[in-house]
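Derivation of every value follows stated rules applied to the coordinates shown; laboratory data play no part. Computed from a prediction, not measured in an experiment: that's the story for all the values here. Methodologically, a virtual Cβ is constructed for each residue, glycine included, from the backbone with ideal geometry; neighbour enumeration extends over all protein chains shown.
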Amino acid sequence: MILYPNAKINLGLRILRKREDGFHDIESIMIPVPIYDILELSASEEFSYIQTGIEIPSDGSLGLVESAYELMKNKYGIGPVAIHLRKQIPIGAGLGGGSADAAFTLKGLNAWFDLGLSPETLAHLAAELGSDCPFFIANQPALATGRGEQLHPMNVNLSGLYIAIYNPGIHVSTAMAYGSIIPNPTNSIDHKIKSLPEWQGYYVNDFEKPVALAHPEISMGIQYLIQEGAIYAAMSGSGSSYLGVFENPPINLGTKGLLYVGTCLLSN
């Protein structure tokens, strides 16, 4: 079985308050985009996991894919399987690649072992692995609230629009990014999508200023996209990736750090 965990982008990301559990309450519109890792499950007499492509830093603890397998094994007694992750989505980039890998592992194991778990059950399991993980179960545009695990589907019509996504090759620590923010509970995002002309002033990413201050190439890249005709340009997640949305196909964009340029939504 071969699966293709995809990335996501954020339209705005507001940090409302710090919670007693150490997490933060956030609001952000998350949208899936067609940048992919490759996840392969195959039959095996014992569990194995290999990872190729972009190197994932390790502190010796289980990675998200392995943690997803252990979670399913402990809860449902699944047998062994061989898992190969080909990592292609940049790490520490604000694109949710690791969360997608974990969520797609849950979905793949559910299908492989014919467990029949509902999307709701899979989303609850995903929330045990990480705040962004539940988004990739339904994998549809949604307003994320709580610590990011509470999802409210949104009708974000991006048909006819184009997007360019860049990554400057900078790894941004999510914990460090949160440490640079002063939460503001008044910065709530409307549950109704704004009209396009309002996006730039309304869908603000609270991480953008402090992260771009440390890495000026991010703000320079965002301004470049606006100069090239983007009607909305911003950093995604906790960075360092940034994006521009265009009404017409962008041409002659710089290729350094360019991850994707094309239509906005997943083909499926």
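Taking DSSP loops as anything outside H, G, I, E and B, show the longest stretch in the chain free of trypsin sites (Lys or Arg not before Pro) there with at most 14 other beta carbons within 10 Å.
20-191
Pick out which of Leu16, Leu243, Leu95 has the largest mean-square fluctuation in a Gaussian network model of the chain, springs linking Cα atoms closer than 10 Å.
So, out of Leu16, Leu243, Leu95, the one fluctuating most is Leu16.
Where Lys and Arg each count +1 and Asp and Glu each count -1, what net charge lies around Pro80 among other residues with Cβ under 11 Å from its Cβ?
Around Pro80, the charge tally is -1.
Can you tell which of Leu71, Ser131, Ser48 lies farthest toward the positive end of the dipole of the chain, using +1 and -1 charges on the Cβ of basic and acidic side chains (Lys, Arg; Asp, Glu)?
Farthest towards the positive pole: Ser131.
Give me the angle, in degrees from 0 to 90, between the Cα long axis of helix 97-112 and the longest principal axis of the Cα atoms of the chain, rounded to the nearest 10.
Its long axis makes an angle of about 40 degrees.
GluC sites (Glu not before Pro), restricted to the stretch 27-72: which are DSSP loop and have at most 12 other Cβ atoms within 10 Å?
Those that pass, being in a loop and sparsely packed, are Glu45, Glu46, Glu55.
Build a GNM of the chain with springs between Cα atoms under 10 Å: which of Gly229, Gly169, Gly22 gets the top mean-square fluctuation?
Gly22
Just to confirm the number: angle between the C-alpha axis of helix 216-227 and the first principal axis of the chain, 0 to 90 degrees, nearest 10?
Approximately 60 degrees, to the nearest ten.
Show that you can apply the helix-only estimate: for the chain, add -39,500 (n - 2.57) for every DSSP H stretch of four or more residues, divide by all residues, and state [θ] at 222 nm to the nearest 500.
-7500 deg cm²/dmol
Using the alpha-carbon atoms, what tilt in degrees (0 to 90, nearest 10) does helix 64-76 show relative to the longest principal axis of the chain?
The two axes meet at around 50 degrees.
With the contact rule set at Cα under 8 Å and sequence spacing of 6 or more, what percent relative contact order holds for the stretch 162-263?
47 percent
List the GluC sites (Glu not before Pro) in the stretch 160-268 that DSSP assigns to loop (not H, G, I, E or B) and whose Cβ has at most 14 other Cβ atoms within 10 Å. Which are they?
Those that pass, being in a loop and sparsely packed, are Glu247.
Taking the alpha-carbon distance from Lys87 and a cut-off under 29 Å, which lysines remain once sequence neighbours fewer than 8 residues away in the same chain are dropped?
Straight-distance partners of Lys87: Lys8, Lys73, Lys75, Lys107, Lys209, Lys256.
Which residue, Leu213, Leu109, Leu151, tops the fluctuation ranking in a GNM of the chain built on C-alpha contacts under 10 Å?
Taking springs between Cα atoms under 10 Å, the residue moving most is Leu213.
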